[in-house]
Structure formats: C-alpha cells, structure tokens
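The values are calculated or read from the model by the stated rules, or taken from the named source; none is laboratory data. None of the values given here were measured: they were computed from a predicted structure. Glycine gets a Cβ as well: all are built from the backbone with ideal geometry, and neighbour counts include every protein chain shown.
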C-alpha cells in the first residue's frame, strides 16, 4: 500500500497492528485485546483525518496511484467486456479504452481513459492523456452505440488531453470540440462517472452526459490546478491555491449543478476497499440507465440540453 503525507498517523497505527499480529502468530501470545484497541483507534483516527481533508489533499486522493482505474471497473463492475480498437483514420490510442460491455440484461458501450501503474504501462497509456485518435475512436464507438440503440457509459479519469506537438498537428482541439457537439445530439442514454481525475477538455470530451456521477474523492475541472497556477502565477508551486479557487471537488461540482450524484467512498477512499466501490458504481450506473431508457429520444435530448444550458446561469 502506498500512502500520502496526510495518512502518516494512520500508517503508524496500521504498522503497529501488523507487527502485533505477526508477534501473536509466531509466539502464541494472546494480544487480542491490544489489537482490538488499536483497530478501534485506527478507525477513529481515519475518520478524523478524512473529516479534515483540505481541497489539495482531496485532489491528491483523486490521483492516488492505487486508485481503481477504468480497466478495473470494466473487469469488476460489468459482467463482460469486449474491447474495440482504432479510429479508422490514424491509429489506435491505448489511453482511451472503448468497447461493448454487459450489465445484467443491458448491453452498453463503455469508454474511458486508462492510466498506467508501472513505468512501462504509464508510457504505453500515455499517462491517461488521449491524443486526437483516442477521442476520434471514442466518437466512432459512440456513433456505433447510437446506431444500435445502446446506452453509453463513460468513465472519466485523465489529467487532460495530450498537449504534444503531434497531437496538436492532428487536430486535438477539433477532436474534443466535435465530441462535445456530437454527444449533445446522440439519441441514447449517456451516463458518465468521474472515477478519479476529471481534468480539462480531455475529460469534457467524454463527459456530455444525461447524468454525471462523481466518486466522493474525485475531482472535475476545466483545467488542472498546476496548469491554472502556471497561467495565473507562472508557477506550478501555486497549485494548492489554484485548487481552492477551481471548486473542483465533488461537493462543489454538485453545488454548481454539473454533477448529479456523488457516490460515497469506503473509509480511507476507493483504493482501501475497491470491491465496495465497484459494486456501488455498478448499482448507480444500472439504476440510472434503467430510468433513462424509459424516456423518448426527443425528451432525452431536451433534458440533456437543458441541463447544460442551465450551468452558469445567474440572476441580477
């Protein structure tokens, strides 16, 4: 298990518990009372630490390297998954996962960004930052879903679209803009889940949904705190200050009317109990898709457009 700086008090207690368990196993010592006391203390300390998280600490949690990624959800939240490759234009982008999945009696198209865990996989997946061909592949799959009247589920987890020279030359901005436009017109239900980091246009390009769900410690913003700080203060060191102003944590995003539902994470966040998170995400997706499938296409589109038109409204 990897730990963040603010988790140190929890780590110290968990290390002590592990040592006592080893001692109890090898020396036949009865340490049950002491173990029970420490386990209760871990729960109390964890609750206390997570009740006082700063916005920056929540941002760090959304990026935790052991947090479940898109492929983990495809394996555990869905019954089966068949990946589809290529944008039929340039190449296949491994940072964007697309394909057909089943969820009980529902067949759905699922797409999402995939970060890597090992150094080799991070490079292969381009750190979860899709290039234009990734977004064009996603668009091809979404159009296929509309053709076969299949609901769409998107799993958002990216620091942003890849800003490299080759990506810009191949039309990164156009690919993102086109996805946003076409998603607003697709006559099938769309449910998006921000499972970790929802950053910049890279997240928005697969986030035009009828219902947007966020995990409790996920973030969603039009720009990353580091990029925002680099623009405003010309220093990424000001990322903590930028994070405070961006209102990117789930409760704030819900207050702004962008997120529709927040899924509570297990104590200690999603990486501590992935199984519970997989089941909660599965349940939320299934419930919303069943509701949305009852709407006629015209009403579905009207509600989707109203949802996004209402964001940012204000009264004088």
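A few remarks follow.
- Test: residue in segment 182-190 that is under 14 Å from the mean Cα position of the chain (by Cα), in contact (Cβ under 8 Å) with a residue 24 or more places away in the chain, assigned by TED's automatic domain parsing to the domain that holds residue 96 and in a loop (DSSP other than H, G, I, E, B): no
- Qualifying residues in segment 226-253 (those that are out of contact with any helix residue (DSSP H, G or I) (no Cβ under 6 Å at 6 or more places or on another chain) and surrounded by 24 or more Cβ atoms within 10 Å (Cβ to Cβ)) - the one farthest from residue 177 (Cα to Cα): 250
- Within the option set 305, 282, being loosely packed, with under 15 Cβ neighbours inside 10 Å and assigned by TED's automatic domain parsing to the domain that holds residue 195 holds for one residue only, 305.
- Checking every residue in segment 86-105 against the condition of being under 25 Å from residue 277 (Cβ atoms), surrounded by 14 or more Cβ atoms within 10 Å (Cβ to Cβ) and at pLDDT below 90 gives zero matches.
- So residue 149, is it in contact with a helix residue (DSSP H, G or I) (Cβ under 8 Å, 6 or more places away or on another chain) and surrounded by fewer than 17 Cβ atoms within 10 Å (Cβ to Cβ): no
- Odd one out for residue 264, checked against (1) over 24 Å from residue 289 (Cβ atoms); (2) surrounded by fewer than 16 Cβ atoms within 10 Å (Cβ to Cβ): (1)
- Hey, residue 223 touching a helix residue (DSSP H, G or I) at 6+ places or on another chain (Cβ under 7 Å) and either over 24 Å from residue 63 (Cβ atoms) or at pLDDT 95 or above (or both) or not: no
- Each residue in segment 109-132 was checked for being surrounded by fewer than 22 Cβ atoms within 10 Å (Cβ to Cβ) and either assigned to a helix (DSSP H, G or I) or touching a strand residue (DSSP E or B) at 6+ places or on another chain (Cβ under 8 Å) (or both), and 7 of them qualify.
- Positions within segment 161-181 being in a loop (DSSP other than H, G, I, E, B) and in contact with a helix residue (DSSP H, G or I) (Cβ under 7 Å, 6 or more places away or on another chain), in sequence order: 161, 162, 170, 171
- Which listed residue is touching a strand residue (DSSP E or B) at 6+ places or on another chain (Cβ under 7 Å) and part of a helix (DSSP H, G or I), from 61, 71: 71
- For segment 86-96, the condition of being in the same structural domain as residue 284 (by TED's automatic domain parsing), in contact (Cβ under 8 Å) with a residue 40 or more places away in the chain and in a strand (DSSP E or B) holds for at least one residue.
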